[in-house]
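No value in this document is a laboratory result; all are computed from the given coordinates. Remember, predicted model here, so these are calculated numbers, not experimental data. Heads up, the Cβs are rebuilt from the backbone with ideal geometry, glycines too, and the neighbour counts pull from every protein chain shown.
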Amino acid sequence: MFRAIHTFRRLLVIGLLAPSSALVGCGPDDTPLKAENESLKKQVAKQESLLTSLQDGNRVMQQQIDLLNQELRDAKQATESAKEATARLNEQLEAQLAQVKRMSAEIQRTAQAQAALSIKADDKGAQFETIPRPLDTVAKITEEALARNGYQIKAGFRTDQRAVYVTDRKISSPASLEVAGFRNQYLVSLQAAPGNATKLAVKAEFEKIAQGGRILAVGAEETAEIERRLIGEINKALDTPGRT
């Protein structure tokens, strides 16, 4: 096998050299060879130019890829920074909200304490009654009784130990020269008492109105009767089956 390959190589070399020897001996015209050589050189030059262009294009492409990668890294970093900033802002907002809630609760407690002191002073002259029912039940029935009789609650507060209501002023115009109108406003105070009871205080600012808007004098007993009427309404509702 190796001897056959060796023989083939020798024949190939002789075959390649024979034409050369013949050419040298005959002195042929080498112009076609030169032309072919020049053509090959031009093709090689073109290929080298194309290769150089491809290399330049690859460099530009790589630069663009590197730039895009850097922009991507910058964008990711900016996103992380924004997330951290948002988290810090949320923490600050939550802390501020908690502070506002604490301040609001403190303000409400202070306002309730001041209102309780003011109402305690205004209780003078009111009608009182201790009702053997819990504060929540009496407060609910009181609100219903006021609304049923046309008194809208203007201001007030309610806790587990105290409830206070101040109504709008209700006005009834005079029906005639003989029948006067009136205007009235209620202050109702409820205080939790021992034994699951509630201390009820009702004070009325009751005035009679004659035609022309003239205010008529009202005696203390007449005002007290107006106060007792509301207490009676509340007791009646509390005694009604199914209302409490």
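How much FRET efficiency would the formula 1/(1 + (r/R0)^6) give for Thr240 and Ala175, where r is the Cβ-Cβ distance and R0 is 45 Å, rounded to 0.05?
0.90
Work out the FRET efficiency for Ser49 and Gln96 from their Cβ-Cβ distance, taking R0 = 51 Å, and round it to the nearest 0.05. Walk me through the numbers on the way to the answer.
Numbers: r = 69 Å, r/R0 = 1.36.
The calculated FRET efficiency here is 0.15.
Using Cα pairs closer than 8 Å and at least 6 residues apart in sequence, work out the relative contact order for the stretch 125-239, in percent.
On the way: 219 pairs, mean separation 33.1, N = 115.
Dividing the mean separation by the residue count of the stretch 125-239 yields 29 percent.
Please list, short to long, the whole-number percent of alpha-carbon pairs of the stretch 129-236 in consecutive 5 angstrom bins beginning at zero.
2, 12, 21, 21, 17, 11, 7, 4, 2, 1, 0
Sorted by mean Cβ packing within 10 Å, highest first, what order do the peptides 125-137, 86-98 take?
Values: 125-137: 15.8, 86-98: 10.0.
Output ranking for 125-137, 86-98: 125-137, 86-98.
Compute the label zone of Ala220 within the stretch 176-201: residues whose backbone N is under 19 Å from the point 7 Å along Cα-to-Cβ.
187, 201
Order 41-53, 222-234 from most to least packed using the mean count of other Cβ atoms within 10 Å.
On the way: 41-53: 10.0, 222-234: 17.3.
Averaged packing, sorted descending, gives the order 222-234, 41-53.
What ³J(HN,Hα) values, in whole Hz, does the Karplus curve 6.51 cos²θ - 1.76 cosθ + 1.60 give for the stretch 68-85 when θ = phi - 60°, with x put for Gly and Pro?
5, 4, 5, 5, 5, 4, 5, 5, 5, 5, 5, 5, 5, 5, 5, 4, 5, 5
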